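S.K.: Would you mind keeping the following structure in view while I ask a few things?
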Amino acid sequence: MGLAADAAERQARGRGWSTVRTLPPDAIVTMEFMPGRLNLAVRDGEVVRCWKG
């Protein structure tokens, strides 16, 4: 958290995450779990939350 969205995505991919998804903080998303996916909630270009699946 606190990283710029593009830097966080590069770092996540460099650490093996196959899919990195950026979303607004209050986006409505399905509860479908996908191994290998990292979700980043981004506000004003900065990551405010992250979670796997």
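S.K.: Restricting attention to segment 20-34, which residues are surrounded by fewer than 13 Cβ atoms within 10 Å (Cβ to Cβ) and of a type outside the set (S, T, N, Q)?
M.R.: 24, 25, 26, 27, 28, 29, 31, 32, 33
S.K.: Where in the chain are there strands (runs of 3 or more DSSP E), lying fully within it, with 2 or more residues that are among the charged types (D, E, K, R), out of contact with any Ser or Thr (no Cβ under 9 Å at 6 or more places or on another chain) and modelled with pLDDT of 95 or more?
M.R.: 46-52
The values are calculated or read from the model by the stated rules, or taken from the named source; none is laboratory data. Owing to the predicted nature of the structure, the values given are computational and were not obtained by experimental measurement. Every residue, glycine among them, receives a Cβ derived from its backbone with ideal geometry; neighbour counts consider all protein chains shown.
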